[in-house]
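One structure is given below, encoded as structure tokens.
The values are calculated or read from the model by the stated rules, or taken from the named source; none is laboratory data. Keep in mind that what you see is a predicted model, and the values were worked out from it rather than measured. Backbone-built Cβ (ideal geometry, glycine too); neighbour counts: all protein chains shown.
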Amino acid sequence: MPNLDINKLSGSLKTHLQPLYVIHGEEDLLRIEATDMLRAAAKQQGYTHREIFTVDSASFDWGEIVANANSAGLFADLKLLEIHIPTGKVGKQGGEILQQLAENLPPDTITLIIFPKLEKAQTQSKWFSALAKYGVMLEAKAVTVAALPAWINERLQQHNLSAEAEAIALFAERVEGNLLAAKQEIDKLALLHPTGHLISVADAEHAVANVARFDVFQLASAWMSGDAARVMRLLDGLEAAGDEPVLLLWAVAEDIRTLIRLSAAIKQGKSVQSVRNELRLWGDKQTLAPKAAARLSPSKLINALQECARIDRQIKGAEEGDAWTSFRQLVLQLAT
């Protein structure tokens, strides 16, 4: 079956339910909302009996799922079968059983399988292909920084609220990377203000908590795109959260090495697409890395890599200086 935009799931449930739904992706809120919508629709359409399995360890007994699926038809009630796989790892046996389940869906049953974000190798597996062939695939993609203001505006409109552009910008800055918190803040605004209210900057300042969730991946996106202001904000958030620069430094150094290799490949006449898999240029990096490589000269990248080694010595106490200060200066230089 073709993939279904997770944001359009609600409309598709007004007609009839499919026998198999698969939810996967990194955005917790979208996964939770899709699961809740499917549960509510199933209950409304008579699937009142609900069975839940959570595959939480390598020792999970997949035979329980097989037995449950084979028992369909023995009960009077229509059934919702939920299979939660929070690690995304199914193993050889699990993969075989998921493939068999997709190819032989139990009657009188809606099967719902929920994964986190899956690796490329997993989405190219036989079991995933089988699920995609026979089920409705719903991917909970992360809402990018660029798309976040529009997402916030749309959610406000669902509560019959609107907002000034500056208020939405402030809102987006404060909830960046934390969609669950963003929803909570929007719900709060809906309780605080009457229908039709225009949210001002002052309203946003007063009501919206600073709940941004910063991480190493956002930092890479910021410096590769040359957004120095966002780099500063992310670094402030990471340092305030007590994050140590060890992992951050490792990630930045790896990305610098990738850009050096990408620059060399382009100089040799190779295309970005031809080296994409080799350099692991997936997601946003497919577009950000080539732009960063064009903006940053090979000599600047080599100097930055040498600076990474110096900061590493500072972290280990082998050289004087504050590692966070040095790291901040390094990333800002990469962003300019």
**Prompt:** Do we have any residue at all in the range 27-39 that's in a loop (DSSP other than H, G, I, E, B), modelled with pLDDT of 90 or more and closer than 17 Å to residue 115 by Cα?
**Reply:** yes
**Request:** Tell me which residues, restricted to the range 94-125, are closer than 30 Å to residue 278 by Cα, part of a helix (DSSP H, G or I) and not hydrophobic (A, V, I, L, M, F, W, C).
**Result:** 94, 95, 96, 99, 120, 122, 123
**Asked** Across the range 176-198, which residue is nearest to residue 145 (Cα to Cα) among those that are of a type in the set (Gly, Ala, Ser) and in a helix (DSSP H, G or I)?
**Response** 182
**Item:** Residues of the range 265-308 that turn out to be hydrophobic (A, V, I, L, M, F, W, C) and touching a residue at least 24 places away in the same chain (Cβ under 8 Å), as a count
**Value:** 12
**Asked** residue 133: assigned to a helix (DSSP H, G or I) and either surrounded by 13 or more Cβ atoms within 10 Å (Cβ to Cβ) or within 20 Å of the chain's Cα centre (by Cα) (or both), yes or no?
**Response** yes
**Request:** Within the range 282-295, identify whether any single residue is surrounded by fewer than 19 Cβ atoms within 10 Å (Cβ to Cβ) and within 25 Å of residue 316 (Cβ to Cβ), and answer yes or no.
**Result:** no
**Asked** Of 258, 287, which residue is at pLDDT 90 or above and under 23 Å from the mean Cα position of the chain (by Cα)?
**Response** 258
**Asked** Being within 26 Å of residue 17 (Cα to Cα), modelled with pLDDT of 95 or more and of a type in the set (S, T, N, Q), is that true of even one residue in the range 141-164?
**Response** no
**Item:** Residue check for residue 5: under 18 Å from residue 131 (Cβ atoms), acidic (Asp, Glu) and surrounded by fewer than 13 Cβ atoms within 10 Å (Cβ to Cβ)
**Value:** yes
**Request:** Please state which one of 34, 69 is more than 26 Å from the chain's Cα centre (by Cα), in the same structural domain as residue 135 (by TED's automatic domain parsing), surrounded by 19 or more Cβ atoms within 10 Å (Cβ to Cβ) and in contact (Cβ under 8 Å) with a residue 40 or more places away in the chain.
**Result:** 69
**Fill in**
Expected single match for in the same structural domain as residue 12 (by TED's automatic domain parsing), without any contact (Cβ under 8 Å) to a residue 40 or more places away in the chain and polar (S, T, N, Q) among 125, 162, 200 is 125
**Request:** May I ask you to list pairs of residues, at least six apart or on different chains, whose Cβ atoms are under 8 Å apart, with the first in the range 41-61 being under 18 Å from residue 83 (Cβ atoms) and the second being exposed (fewer than 15 other Cβ atoms within 10 Å of the Cβ) and of a type in the set (Asp, Glu)?
**Result:** 47/77; 49/77; 53/64
**Message:** One residue is enough: does the range 210-225 have a residue meeting the conditions surrounded by fewer than 15 Cβ atoms within 10 Å (Cβ to Cβ) and among the aliphatic types (A, V, I, L, M)?
**Reply:** no
